[in-house]
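K.L.:
Structure provided below as structure tokens; questions to follow.
Every read-out reported here was derived from the displayed coordinates using simple, explicitly stated rules and does not represent laboratory data. What you see is a predicted model, and the numbers here were worked out from it, not measured in a lab. Every residue, glycine as well, gets a Cβ built from its backbone with ideal geometry; the counts of neighbours run over all protein chains shown.
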Amino acid sequence: MRLKADLQLLLVTVLWGSSFAVMRLATGHATIFLLNGSRFLLGGLLILPFTKLKGAYNRSNLAFVVLAGLALYAAIALQQAGLGTTTAGNTGFITSLYEVIVPLGLWAFWHERPSPLMGLAIPMAVGGAFLLSTGGSFRVQPGDLLIFAGSFFWAMHVIVVAKVQGRIAPLPFAFGQYVICGGLSLITGAFFERPSQADLLYVLPAVLYTAVFSIALGFTLQVIAQKHTPPNDAALILSLEAVFATFFGWLFLHEMLQPIQLAGCALILVAVILVQLKNGKMRSI
């Protein structure tokens, strides 16, 4: 079951990576809150026919659903706000710091000490993300603090998904977080954004693609897979999203890769392989 869960997370990174390239094409043609609200709510509607909601929510699990939805909303909002005054490279690297925040949070609040091999894999993956995202050159930008704050919410989401296991079935949990994130995004967009009809029509394919592949499949598979993959390991495997985002950017957007970025991809891959080497020794949460 553990290998199957890890492979599911690998598929999630492929889905998210391809969706990143699609979202790059939509950037600048619509305001982000309405775009995110639409795709998360549509993603929720897509899994609704397969979701048994009756009796799914109770006092012991509803807080986790709300926290997951709020974490998604805050992470995306802070990331998009920061993007206005920083670079895409800084954003990719700083966001990847959730790989460090997850084990630190688990250690500080749940006394779950990372293994020595994990202690090697985490800085290796972060170093790889640095080379891949920035090309080895980092300059502090005004929006970096917002991106850094967002990385805490990405980490919070990974931890919440791990800790809710056994309290609620995956599909009702996924549906609930999509509704909360999508609803808050639409409300925010209604207050602050005024896209044109042409912009909305332009981004419609991006909304449809990401609703299906990034959300209905990607985030839902994450919830299912984390039943068997511990959060530290999940965070590292999910770091492969940056590798696949780069690959699809090269494939569809014709973005060039420098040798130092390829070295960054290699470091991330090695870090994930190290996680697989310790699978038999990792205790479940």
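K.L.:
Taking 0.36 nm per intervening residue step and subtracting the Cα-Cα distance, what contour gain separates L277 from L104 on full extension?
P.N.:
60.1 nm
K.L.:
Provide, for the chain, the number of lysine pairs with alpha carbons under 27 Å apart, each pair being eight or more places apart or on different chains.
P.N.:
14
K.L.:
Another question about this same structure. For region 161-285, state what percent of all Cα-Cα pairs lands in each successive 5 Å bin, counting from 0 Å until the bin that includes the largest distance.
P.N.:
Result returned by the calculation: 2, 8, 13, 15, 16, 16, 14, 10, 4, 1, 0.
K.L.:
Moving on. Name the residue, out of K227, K52, K163, whose mean-square fluctuation peaks in a Gaussian network model built on the chain with Cα pairs under 10 Å.
P.N.:
Comparing K227, K52, K163 in the GNM, the peak value goes to K52.
K.L.:
At a Förster distance of 41 Å, what's the computed FRET efficiency of L53 paired with R2, Cβ-Cβ distance as r, to 0.05?
P.N.:
0.90
K.L.:
Something else: Using only C-alpha positions, report the orientation-averaged shadow area of the convex hull of region 2-281, nm², one decimal.
P.N.:
14.5
K.L.:
Out of L200, F130, T210, whose Cα points farthest toward the positive end of the dipole of region 2-281 (charges: +1 Lys, Arg; -1 Asp, Glu; placed on Cβ)?
P.N.:
T210
K.L.:
Before anything else, pin down the relative contact order of the chain: Cα pairs under 8 Å, at least 6 apart, normalised by residue count, whole percent.
P.N.:
Reported as a whole number, the value is 43 percent.
K.L.:
Please work out the Kirkwood hydrodynamic radius for region 74-218, using every pair of different C-alpha atoms, and report it in angstroms with one decimal place.
P.N.:
Value: 17.4 Å, from the Cα pair sum.
K.L.:
Continuing with this model, one more query. Assuming R0 = 30 Å, what is the FRET efficiency of L120 and A88, from their Cβ-Cβ distance, to the nearest 0.05?
P.N.:
Step by step, r from the Cβ atoms, then E = 0.60.
K.L.:
Shape verdict for region 1-99, please, from the Cα gyration tensor: rounded (a/c under 1.5), prolate (a/b greater than b/c) or oblate.
P.N.:
The shape class here is prolate.
K.L.:
Among F64, F33, what is the fewest-to-most ranking by other Cβ atoms within 10 Å?
P.N.:
Least crowded to most crowded, the residues run F64, F33.
K.L.:
Right, another one. Just to be sure I understand the model, the point goes 7 Å from the Cα along the line to the Cβ. What's the resulting E255 to A81 distance in nm?
P.N.:
Placing both labels 7 Å beyond Cα along the Cβ direction yields 2.4 nm.
K.L.:
Around G143, which amide H atoms from residues at least 5 apart in sequence, or from another chain, sit under 5 Å from its own amide H, with H modelled in the peptide plane?
P.N.:
Amide H neighbours of G143, under 5 Å, 5+ apart: T85, T86.
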